[in-house]
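Below is one structure; the comments refer to it alone.
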Amino acid sequence: MKGLILAGGSGTRLRPITHTGAKQLVPVANTPILFYGLQHMADAGIEQVGMIVGDTADEIRAAVGDGSRWGLRVTYLPQEAPLGLAHAVLIARDFLGDDDFVMYLGDNLLRDGITSFVEEFTQHRKDTSGVPASAQILLAPVPDPQRFGVAELGPDGEVVALLEKPEIPPSDLALVGVYLFDPSIHEAVRAINPSDRGELEITDAIQWLLDNGHRVRHEILRGWWLDTGKLTPLLEANRLILEVLEPAVHGKVDEHSKVEGRVVVAEGAEIIRSTIRGPVAIGANTRIVDSYIGPFSSVDADCEVIASELEHSIVLANSRVENVPRVIDSLIGRHAVVQRSHQRPRATRLLVGDHCQIDIDS
């Protein structure tokens with residue numbers, strides 16, 4: 001079985017969360033989101049991965065390399081425009097050949113990975129007592145199914161239809177961004193037409209399979225799942241990963257500092273006259289001076305936090321927070337500077353990138 005990871009360019013879901021680069025490289029607990037997907041592939045026994053890349057291809061290549069750190073062989077498959085998830089399958093045809101494969105959206109984060117999901121599909125494909133499934137989808141109950149692709153189940157519990165963002169959902173079962181397919185999906189993606197938004201939708205391709213007599217199995221997700229496309233779920237993902245953090249202090253903590261709870265201090269980091277209250281992850285070569293870092297925060301590598309308080313927030317690499325009394329529920333991008341200025345006249349001075357939100361205390 002092969003793997004196909006959508007790491008940019010494939011559809012509107014995959015817009016960068018900030019202007020700083022590939023959204024899938026935004027770290028959760030100081031590990032890029034994309035790396036969790038690659039590890040899940042490796043854990044499921046997959047060795048060959050095709051990675052769909054768009055205009056952030058150089059950043060993705062620099063971060064992932066050849067995939068050998070996960071025991072994978074990664075092949076990069078450029079997509080010239082965001083033409084949809086089914087289009088990603090279309091351009092990956094030569095790489096996939098006639099193998100079964102798992103398709104994984106790179107901005108997803110699943111607590112339990114995909115190993116059992118892959119094993120179920122493999123087992124049912126080998127079962128000769130019934131109709132083998134041509135596809136398997138992962139579903140999760142959600143409170144707002146109208147925002148997602150939704151599955152409709154028949155009286156026998158089998159999938160009978162898929163609807164994309166329906167006004168009146170037939171169920172609360174949303175499609176999680178992990179799919180398993182046999183080679184029949186290649187005929188399906190060639191047969192469908194672009195949707196109203198100009199994309200080849202994977203839901204339409206799966207519906208084509210259903211309409212043409214193919215069986216589509218489903219599994220219900222039991223652990224948590226987050227689509228990390230916006231700030232709130234990204235912070236939630238950071239919280240959930242940090243909650244299971246194994247404490248490890250490899251950097252320096254001076255005698256005037258306190259480190260409490262689940263805290264990781266990476267090699268080369270320094271904690272000086274500061275309090276760190278976990279769960280917290282501090283990246284390599286980062287300096288925390290005269291500051292408080294509160295629960296559910298991660299500060300990436302090569303950062304400085306000086307005379308400031310930070311809680312329930314993510315700070316990306318090479319950034320500095322200085323003399324800021326209270327930062328909460330925030331994402332600070334790479335190479336950013338957040339500081340209290342003493343310039344006159346007093347004013348709020350901002351350099352703000354695309355798709356950002358700024359909340360200012362009056």
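For the reader, a short list of remarks on this structure follows.
- Test: residue in segment 326-336 that is farther than 24 Å from residue 240 by Cα, hydrophobic (A, V, I, L, M, F, W, C), part of a strand (DSSP E or B) and out of contact with any Lys or Arg (no Cβ under 6 Å at 6 or more places or on another chain): no
- Subset of segment 215-234 that is assigned to a loop (DSSP other than H, G, I, E, B) and not basic (Lys, Arg) - its residue that is modelled with the lowest pLDDT: 229
Results for (1) without any contact (Cβ under 8 Å) to a residue 24 or more places away in the chain; (2) closer than 17 Å to residue 31 by Cα; (3) crowded, with 16+ Cβ neighbours inside 10 Å, shown as yes or no for each residue.
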position	(1), (2), (3)
207	no, no, yes
210	no, no, yes
224	no, no, no
232	yes, no, no
237	no, yes, yes
240	no, yes, yes
245	no, yes, yes
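- Filter pass, residue 290 being touching a residue at least 40 places away in the same chain (Cβ under 8 Å) and touching a strand residue (DSSP E or B) at 6+ places or on another chain (Cβ under 9 Å): no
- Segments classed as helices (runs of 4 or more DSSP H), wholly inside segment 40-157, with at least 1 members that are surrounded by fewer than 14 Cβ atoms within 10 Å (Cβ to Cβ), among the aliphatic types (A, V, I, L, M) and out of contact with any Pro (no Cβ under 7 Å at 6 or more places or on another chain): 57-64
- The residue list 68, 129, 116 contains one member that is at pLDDT 95 or above and farther than 18 Å from residue 188 by Cβ, which is 68.
- Verdict on residue 335 being modelled with pLDDT under 95 and on the phi > 0 side of the Ramachandran plot: yes
- Checking segment 285-295 against the condition returns no match, with no residue being within 19 Å of residue 26 (Cα to Cα), assigned to a strand (DSSP E or B) and not assigned by TED's automatic domain parsing to the domain that holds residue 233.
Residues checked against (1) modelled with pLDDT of 95 or more; (2) not charged (D, E, K, R):
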residue	(1), (2)
43	yes, no
47	yes, no
57	no, yes
79	no, yes
85	no, yes
95	yes, yes
112	no, no
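The values are calculated or read from the model by the stated rules, or taken from the named source; none is laboratory data. Worth saying up front: this structure is predicted, and the values here are computed from it rather than measured. Note that we place each Cβ from the backbone using ideal geometry, even for glycine, and neighbour counts take in every protein chain shown.
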